[in-house]
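Novice: Mind having a look at this structure? Questions to follow.
The values are calculated or read from the model by the stated rules, or taken from the named source; none is laboratory data. Please read these numbers as outputs of a predicted model, since none were measured by experiment. Counting neighbours? That spans all protein chains shown, and the Cβs are built from the backbone with ideal geometry, glycine included. Accessible surface areas use protein heavy atoms only, side chains included; no ligands, DNA or RNA. Shrake-Rupley method; radii C 1.70, N 1.55, O 1.52, S 1.80 Å.
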There are 2 protein chains.
Amino acid sequence: MALSLDEASLSQLFLSARTHNVWLEKPVPDEVLIQIIDLMKMGPTSANCSPARILFVRSEAAKARLKPFLSEGNRDKTMKAPVTAIIGYDLKFYELLPRLFPHTDARSWFAGKPEHIQETAFRNGTLQGAYLILAARALGLDCGPMSGFNQAGVTQEFFAGTDIKANFLCNLGYGDASALKPRSPRLSFEELAKIL
Amino acid sequence: MALSLDEASLSQLFLSARTHNVWLEKPVPDEVLIQIIDLMKMGPTSANCSPARILFVRSEAAKARLKPFLSEGNRDKTMKAPVTAIIGYDLKFYELLPRLFPHTDARSWFAGKPEHIQETAFRNGTLQGAYLILAARALGLDCGPMSGFNQAGVTQEFFAGTDIKANFLCNLGYGDASALKPRSPRLSFEELAKIL
């Protein structure tokens with residue numbers, strides 16, 4: 001039976017981890033991005049449907065393509081982040097179910113049901129986006145997730161000709177802890193949970 | 001600068017963690033459920049909006065209320081799980097923004113915009129659902145997340161008189177590893193990510 005991770009690990013993942021807006025000048029190499037995906041993709045999704053699709057925007061040219069679609073408050077910090085992940089979800093995910101969930105005909109649960117496809121892709125693609133955030137933190141990186149951007153614009157610019165839609169963005173790198181402001185408050189246990 | 005967690009921790013969170021369907025007869029006490037929430041609530045949400053609301057269904061009476069809304073394939077294993085978390089999201093989350101995000105008028109970004117409210121609550125409530133899964137694993141528990149249930153029925157039965165909607169369910173406990181089947185395949189890096 002597994003034990004709890006140690007305090008330092010719980011702290012790195014959750015308790016003292018912070019959303020960062022200012023980045024150290026330390027690049028994020030390919031092998032770290034590959035490790036993030038190798039962890040993220042093992043997290044659970046409904047019928048293993050795995051709809052998330054990730055673009056790691058790292059080059060200056062790719063950053064320039066992203067820039068016009070960022071909200072003003074997110075623009076400068078995103079241009080300065082070592083990497084910006086675009087977390088998308090593929091509305092054609094169900095075409096892969098014969099391979100990803102081979103023991104039953106899961107493709108037929110979705111074909112011709114656009115509302116069910118959209119909800120399943122959004123829910124599970126978002127779960128995978130959270131796995132990406134925690135995978136990056138587990139590997140020692142800091143994250144800066146954002147939903148303040150022009151979704152339709154990013155979808156058109158980066159996913160044209162596919163059925164992938166942009167969901168949210170996440171800056172990745174090594175954050176400058178000296179630039180952090182005090183943490184925002186959280187709800188109490190009683191406000192957000194109940195044991196029945 | 002943070003280092004990567006060790007291999008055993010990455011394995012417990014992602015690499016060897018599995019969705020469980022068969023549970024050991026070991027209860028999950030209140031203090032572990034409280035710890036899960038204490039970790040989960042520290043994960044990032046957009047403008048700290050924190051829309052997730054969790055019901056831990058543990059008593060026989062509460063399990064009996066849940067039973068009629070489960071899909072057939074999820075019914076028996078859920079009845080036998082030590083705890084079933086109902087992960088919901090509160091469409092009135094923005095009323096708390098003056099407290100959760102006090103340095104600007106974030107409430108006004110949402111008031112009177114039902115589509116923006118729904119999308120934000122669903123996205124961020126789902127991110128928090130993934131934090132709950134990984135928090136439980138970090139504490140040594142196993143998870144069995146599910147979306148095969150009657151959402152409207154669970155919403156009506158458990159959240160009547162509120163603006164909270166059921167999102168997904170997650171069985172929690174200590175899984176019987178001897179009952180696991182071989183793991184389903186995952187997509188390759190090239191199929192799900194690209195570095196630009």
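Novice: Looking at the structure I just gave you, is B:D76 open to solvent by less than 60 Å² (accessible area, probe 1.4 Å) and within 30 Å of B:P29 (Cβ to Cβ)?
Specialist: On the way: open to solvent by less than 60 Å² (accessible area, probe 1.4 Å): no; within 30 Å of B:P29 (Cβ to Cβ): yes.
Answer is no for this residue.
Novice: Go through the range A:1-14 residue by residue and tally those that are modelled with pLDDT of 95 or more and at the interface with another protein chain (Cβ under 7 Å from one of its Cβ atoms).
Specialist: Of the residues in the range A:1-14, 7 are modelled with pLDDT of 95 or more and at the interface with another protein chain (Cβ under 7 Å from one of its Cβ atoms).
Novice: Which of the residues spanning the range B:15-24 are touching a residue at least 60 places away in the same chain (Cβ under 8 Å) and at the interface with another protein chain (Cβ under 9 Å from one of its Cβ atoms)?
Specialist: Across the range B:15-24, the qualifying residues are B:A17, B:R18, B:T19, B:L24.
Novice: A further question on this structure: Given (1) under 29 Å from A:S184 (Cα atoms); (2) touching a strand residue (DSSP E or B) at 6+ places or on another chain (Cβ under 9 Å); (3) surrounded by fewer than 14 Cβ atoms within 10 Å (Cβ to Cβ), identify the lone condition not met by B:S108.
Specialist: (2)
Novice: Something else about it: With (1) more than 9 Å from every other protein chain (Cβ to nearest Cβ); (2) under 25 Å from B:A121 (Cβ atoms) as the list, and A:M79 as the residue in question, which single condition is left unmet?
Specialist: Against the list (1) more than 9 Å from every other protein chain (Cβ to nearest Cβ); (2) under 25 Å from B:A121 (Cβ atoms), A:M79 comes up short only on (2).
Novice: Please go through the range B:1-17 and give me each residue that is crowded, with 16+ Cβ neighbours inside 10 Å and closer than 19 Å to B:P182 by Cβ, ordered by number.
Specialist: Across the range B:1-17, the qualifying residues are B:F14, B:A17.
Novice: Output the residues belonging to the range A:67-97 that are of a type in the set (S, T, Y) and either closer than 15 Å to A:V154 by Cα or out of contact with any Phe, Trp or Tyr (no Cβ under 9 Å at 6 or more places or on another chain) (or both).
Specialist: Across the range A:67-97, the qualifying residues are A:S71, A:T78, A:T84, A:Y89.
Novice: Shifting gears a bit: Is one or more of the residues making up the range B:109-127 within 26 Å of B:S178 (Cα to Cα) and hydrophobic (A, V, I, L, M, F, W, C)?
Specialist: no
Novice: Now for a different question. I'd like the full set of residues that are open to solvent by less than 10 Å² (accessible area, probe 1.4 Å), within 15 Å of A:I86 (Cβ to Cβ) and facing chain B (nearest Cβ under 7 Å), limited to the range A:25-57.
Specialist: Within the range A:25-57, A:L33, A:I37, A:A52, A:I54, A:F56, A:V57 qualify.
Novice: Suppose we keep only residues that are open to solvent by 30 Å² or more (accessible area, probe 1.4 Å) and out of contact with any Ser or Thr (no Cβ under 9 Å at 6 or more places or on another chain) within the range A:163-178. Which one would you say is farthest from A:A62 (Cα to Cα)?
Specialist: A:S178
Novice: Only one of (1) out of contact with any Cys (no Cβ under 6 Å at 6 or more places or on another chain); (2) open to solvent by less than 10 Å² (accessible area, probe 1.4 Å) fails for A:F122. Which number is that?
Specialist: (2)
Novice: Assess whether B:E191 counts as being facing chain A (nearest Cβ under 10 Å), assigned to a helix (DSSP H, G or I) and without any contact (Cβ under 8 Å) to a residue 40 or more places away in the chain. Don't jump to the end; show me each part of the working.
Specialist: On the way: facing chain A (nearest Cβ under 10 Å): yes; assigned to a helix (DSSP H, G or I): yes; without any contact (Cβ under 8 Å) to a residue 40 or more places away in the chain: yes.
When the stated conditions are applied, B:E191 passes them.
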